[in-house]
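A short reminder: the numbers here are calculations on the coordinates, not readings from a lab. Here the structure is a predicted model, which is why all the values come from computation and not from measurement. Positions of Cβ are generated from backbone atoms using ideal geometry, with glycine treated the same way; all protein chains shown enter the neighbour counts.
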Amino acid sequence: VKTAYDLLEQSSKEMSLLSSVYDYVTIKDYSTHDGISGESQTELTSPVDLVRKRYQDAEKAVTDKLAEITLLQKRADDRMKLSELQADTAVAANKAEAEEWAERAMRFSIAETIVKDKMQSLQREINDARNALDATMEGLLGPNFNPAVNDGRLDFNSYDYKKQETQLREFYKIADGMVSGKIGAWDFIHGSRGNVSPTTYSGGLAYVHPTININGYMHSYNGGVGGGITAAAQQGFDGVWVLNAGAPWESAYLRMTSNTYGEYEAKMNYSLGNVMAGAMLVFAFLSLGNPMTGMEAINRNKAWIDSKIAIDNTVNTARAQAATLKSLQEELNRYTDISTGEQLISMLKGENGYVDTKLEDSDVAFLTGASGQLKNGTINWTGGKEPLSVDRLVGKNGDPIIQKRAVKDSYGLFIRDGVAVAGSPSTNSNVGYANDGRLVNIMTSADEFIGSLASISKTQYTIEKEEYYAVQEAAIVRGVKADKREILDDRDRFYSGLLTKVTGGTGKNIEYDMYKTLVEDYYGQGNVADQLYALNESQQREYQIKVWDNKEKDFQSKKTEWIENVNYLMETGSARFNDMLTSFNQSWDQWRRDFKEETEKGKAEHMARIEEALKKKTDWEVSLLNQARKGDQFEIDQVYAEIQKTIANMGSAPNAVLLQNNA
């Protein structure tokens, strides 16, 4: 389109020049003409004066335009150049600061996303692990358990919350007992029955591990029975422990006298083996008279073996699942319950088991006072002009990011006064209990803390950016300030290079908030790209207005020339008409004079010829009469011939004479 438009403009200029030449030739040719008689006449009026005036006007316009161009060129030469603006010390320094903080803010934005993604990933894995453990434990403890019953609730001190929390805690203490090797399949087999006094079945476990209350859980939440797998194993045990009524007391005794579950399991297997051996002898004797007795013994033995294998496998599966859940929750607790400066620094640097945040040591170095137990007023951020106390930073709930927070155990439950912990607390230090009864400590959460640092870094970048902008606009080189165009061109190059740098030129990191901030500063409404576009649009508009103004001036000039040409032609036409009229009148008058002279001359000649003819007629008549009187035929013929000759000679005589002669 531009090429076609340029060709059109060039053709228009060429046509305009040709048109001017043609107009001149036309009026020049029209300024002269031939007279009536065909002789060449000199020009009536000359177009040279008209052309000379146009030339002088055009020459003045060119001179004025050259002066204007010279002035504009001087202004352009005096204007601060982009290279000079970029070389300005203050501008370069502030630009470097803005770029440094943009990159740092990007790193913190990346770190924030990495940490949040890690924590969210851990939470998803925890939810999956809880559900998997719940499904397995249903066969041991029975249904009626919801691991997510308290998720999202904030009424930590309500009766219902504590009630649900108690079931969760009892459940996870049992699960943790398996993880730690304190309990096993035999504890579930005897779990739904027995007492502490007298000590029978589960009473032995209550004596050794009073915080692991399988019996209490089954009676409180499952009607006093275990899950299907536990019930089958218990029934199988009862089917093979026969002819010996001491099972309740012996089971409890063996549990109380065993230092480990492994020792207890060995003792139970040994005792059961002895009981089964004695019973087999009895069944063998009885089966001699009744084969069905032997078959019953075999069926009971098989049922026990199958149920024991099933409960062993279930316990092993639950143990592994509980261990996974515990590991995941404890890892998440390391992010949510950071209580020391050393933990905080390790988290920021991605050390000691924390996810790699991609932060540099120089980024973390802006934090000072981060050592020992976290306390209010001890940690400062020194990245700004003045140190900023971290206490002034707020987290997602609007409270300070370092504050009293509830301590959690290895399964994500809160710790309450006088209540046994499932696993271990997330921190060994504490500052007491909150009003809602939860154990608290001064802690921070990784996602909130690093998110606050990302916000601070972004704010610092904004400050440095504004200072860079201000220094640009205040810069003076050779006594002049930078034009808006140079300022925007410098910012355009700054952001173009910065975006390429933070993305590695491959489009990476575009998902982070800081990238969105940089894009907004570059391409956002009213920012660099918009301002450049508006400036270009304004310049294009001014240029187009000038183009159309020039076209209008050119049109008016052509119109004026056309009017002058028409006036010239009219004046020339009038002169030509007047000249023709004068020539015609002169010719007409001359013709009349000539005609009159010719007429007078012809009239005299005519009269003379008439007189001569009359005289000849008279002479002829006399002669004819004389000859006729003589009567000679020869003479008569001669007279007749003479008459014919006379008639012939009078052919040029006036009509009146001819008519008279013919008569």
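Quick notes
- Taking the charge dipole of the stretch 142-337 about its Cα centre, with +1 at Lys and Arg Cβ atoms and -1 at Asp and Glu Cβ atoms, the residue from Tyr161, Gly181, Asn244 reaching farthest to the positive side is Asn244.
- Cα-centred dipole magnitude for the stretch 340-444, charges only on beta-carbon of K, R (+1) and D, E (-1), debye, nearest 20: 320 debye
- Computed E for Thr257/Gln164 - FRET, C-beta separation, R0 30 angstrom, nearest 0.05: 0.25
- The stretch between Ser180 and Glu473 holds 98.6 nm of extra length on full extension. This uses 0.36 nm per residue minus the Cα-Cα distance.
- Taking the average, over residues, of other Cβ atoms within 10 Å as the packing measure, peptides 341-348, 142-149, 559-566, 248-255 rank 248-255, 341-348, 142-149, 559-566 from highest down.
- Residues in the stretch 469-485 reached by a label modelled at Glu542 [backbone nitrogen below 11 Å; 7 Å Cα→Cβ]: 484-485
- Local net charge near Ala420, Cβ-Cβ under 9 Å (Lys/Arg +1, Asp/Glu -1): +2
- Farthest positive-ward along the stretch 391-479 dipole, Cα basis, beta-carbon charges - from Ser455, Met443, Gly398: Met443
- Two-site FRET efficiency, Thr382 against Asp492, from Cβ-Cβ distance with R₀ of 35 Å, rounded to 0.05: 0.60
- Subtracting the Cα-Cα distance of Asp530 and Tyr640 from their residue separation scaled by 0.36 nm leaves 26.9 nm.
- Inter-label distance for Ile510 and Ile309, nm, one decimal - labels placed 7 Å from Cα along Cα-to-Cβ: 5.8 nm
- Out-of-range pairs (alpha-carbon distance over 20 Å; input Lys116/Lys358; Lys385/Lys484; Lys13/Lys559; Lys458/Lys516): Lys385/Lys484
- Under 17 Å from the Ala87 label point (7 Å along Cα→beta-carbon), backbone N, the stretch 468-500: 475-483, 486-487, 490
- Distance between the 7 Å Cα→Cβ label points at Glu351 and Glu605: 14.5 nm.
- Our estimate of slack between Val480 and Ser623, defined as 0.36 nm per intervening residue step minus the Cα-Cα distance, is 38.2 nm.
- A simple packing score, the average count of other Cβ atoms within 10 Å per residue, orders the peptides 315-328, 428-441 as 315-328, 428-441, with the highest score first.
- Positive-end residue, the stretch 142-337 charge dipole about Cα centroid, Cβ charges, pick of Trp304, Thr317, Gly223: Trp304
- Inter-probe distance in nm under a simple model that places probes 7 Å from Cα toward Cβ, at Val566 and Asp589: 3.7 nm
- Relative intensity, log₁₀ I(q)/I(0), of the stretch 114-210 from a Debye sum that treats every alpha carbon as a point, q = 0.18, 0.19, 0.23 Å⁻¹: -0.99, -1.05, -1.24
- Residues His219, His190, ranked from the fewest to the most other C-beta atoms within 10 Å, line up as His219, His190.
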